[in-house]
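One structure is given here, and the rest of the page talks about it.
What follows is calculated from the coordinates using simple rules that are stated; it is not laboratory data. Quick caveat, the model's predicted, so the values are computed rather than measured. Neighbour counts run over all protein chains shown; Cβ positions are idealised from the backbone, glycine included.
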Amino acid sequence: MIDCLKIVQVIGSSDIPVTGFSMDSRRIEPGNMFVALTEPELADRREFIPHAVSAGATSVLVEEPLRESGKLPGVTQVVVPDAQVASALMAARFYGEPARKLTVVGVTGTKGKTTTSHLIAEMLESSGTPTGLIGTVSIRYPGVLEQSPNTTPHAIELQKILAQMVESGVKAVSMEVSSHALRLHRVSGIKFSVGVFTNLGGDHMNFHGTMEDYVQAKSMLMAAVSDGSTVVNIDDERGALMRASSLCECYTYGLSKDAVIRATDVKTSLAGSEFTLHCPAGSRRVKMSLPGRFNVYNALAAAGAALSFGVPLDAIVDVLEQTRGVPGRMESVDTADLGFRVVVDYAHTAESMENVLQTLRDLNPQRLITVFGCGGDRDKTRRPKMGKVAAAYSDLVFITSDNPRTEDPASIIRDIVSGLVEDGVDQSRYTVIEDRAEAIERAVREACSGDIVAILGKGHEDYQIIGHEKIHFDDREVAGKVVRALVGG
């Protein structure tokens, strides 16, 4: 098992069977190897080694020998330079190198990963290729549909999922690849056939520290595709860099006339988008139910990936015109005959909020009413920026809580409000209501005929994280309940 990578030292017997891997001491089974990662934003797993051993772990993967190894008799220590890389490679070997038996498409970027990866999966399925999906919203393959804990699962879990996909007959997989996953080597050992770059904005600065590091992390996917093709948004200011990072054939896409795959005569509304798709396989007029110019970009990205697999253009267009979109992405709440609209979206950065609000503003509503908050224990610099964007596009803003996690919700809200104060926004245009359900109710009850209410930040999520507790909470359910009360009243 440990011959698949360079190791620094083995302390204890190297002749022991490994029955599995886990980074969670609570999920250790007899004979497992406990992976003691020291990953940012997570607890230091080395603290849980004694618990893992008591649960049956017979070996531990560490980056430094344990100082008090005498307290762990009979436990083998495998010391490696990088536990992230090592655990990924060892898990791949343990599960039979499943990625080598699959055609893997990786989609990276600040925005659009979820919709693009869903569209790619639908296009590959339409061509007769059994396809799995791994992303922010869900993990899906024949017989399985479950919520995803991360945009890109940790390496051990990811390899296990890929192995299960192979076992179920999957031939291709479309997966979101976050900058965290690239920087933390969660996808090490996976050979990508296609790498897609959607766009890049200011996000995750609490993790990356600098924009340069964020850009470099994203480019890692482009460089990881050596025998296949890449699909790059050439309209993005980082597109040229991503194309330069590509080591194989690169399909550029965008609205630019220089793009290999491009859209012209674009028309958008809340009901959907319409455009002419041009590519080497021909040109087709496309009408899809996904609204917004940003979804036109997502459609072009997916088309590029599908074309690189030889999916016929007619099949690509059929998918675009039949798709119903992704839960929590510009998802409308039924407002019966009340005369206004309610839209729920996952937008949780200044850039993604601007995309959504610009799309809604272009519909010329009487008023655009926005409800949003910011997540705790995440990049604090995004908070005032999001406040500025909300105020710039909205007539009325309700600032509330999102997933505060271990931060004080009131403190997060103050950070948001600072952006509005800096821009001199009149206080009559925004209201602070910390309780998210109450904020949504106030916003919906405030709406009149011709208005649009945008509830942003959580989208598909059906929970709220307060402290270390995850409680049930769904923006769509809350809004729907208020609407039903108004209809009944």
Task: MRE, 222 nm, helices only [DSSP H, n ≥ 4, -39500 (n - 2.57), over the chain, to nearest 500] - done: -10000 deg cm²/dmol
Task: Between 0 and 90°, nearest 10: helix 293-308 axis offset from the chain longest Cα axis - done: 40 degrees
- [ ] Mind running the shape call on the stretch 95-322? Use the C-alpha gyration tensor, a ≥ b ≥ c as the square roots of the eigenvalues: rounded below 1.5 for a/c, prolate if a/b tops b/c, oblate otherwise.
- [x] oblate
TODO: Considering Cα pairs under 8 angstrom that are at least six residues apart, work out the relative contact order of the chain and quote it in whole percent.
DONE: 10 percent
Open item on the list: For a protection proxy built on the mean count of beta-carbon atoms within 10 angstrom, sort 96-105, 52-61, 360-369, 298-307 highest first, please.
Closed with: 298-307, 52-61, 96-105, 360-369
TODO: Can you give me the three principal axis dimensions of the chain from its C-alpha atoms, in Å, biggest first?
DONE: 73, 54, 42
- [ ] Return the ratio Rg/(2.2 N^0.38 Å) for the stretch 331-488, where Rg is computed over Cα atoms only.
- [x] 0.96
TODO: List the residues whose amide H sits under 5 Å from the amide H of VAL266, counting only those 5 or more places along or on another chain, with H placed 1.01 Å from N in the peptide plane.
DONE: none
- [ ] Determine, at each q value in 0.20, 0.28, 0.31 (inverse angstroms), the log₁₀ of I(q)/I(0) that the Debye formula gives when each Cα of the stretch 323-368 is one equal point scatterer.
- [x] -0.75, -1.16, -1.20
- [ ] Can you give me the P(r) profile for the stretch 109-237? Cα pairs, bins 5 angstrom wide beginning at 0, each as a whole percent.
- [x] 2, 11, 20, 25, 22, 12, 5, 2, 0
Open item on the list: Quick check of the Kirkwood formula: for the stretch 314-421, what is the inverse mean of 1/r over all pairs of different Cα atoms, in Å?
Closed with: 15.3 Å
Open item on the list: Would the stretch 172-295 count as rounded, prolate or oblate if I go by the C-alpha gyration tensor, calling it rounded below 1.5 in a/c and otherwise prolate when a/b exceeds b/c, oblate otherwise?
Closed with: prolate
Open item on the list: With +1 assigned to the C-beta of every Lys and Arg and -1 to the C-beta of every Asp and Glu, and no other charges, what is the dipole magnitude of the chain about the Cα centre in debye, to the nearest 20?
Closed with: 640 debye
Task: Inter-centroid distance (Cα atoms) of the stretch 377-408 relative to the stretch 83-111, Å - done: 35 Å
Open item on the list: Out of all Cα-Cα pairs in the stretch 5-149, roughly what percent, to the nearest whole number, are more than 17 Å apart?
Closed with: 68 percent
- [ ] Give me the net charge of SER22's neighbourhood, meaning all other residues with Cβ under 13 Å from the Cβ of SER22; Lys, Arg count +1, Asp, Glu -1.
- [x] +1
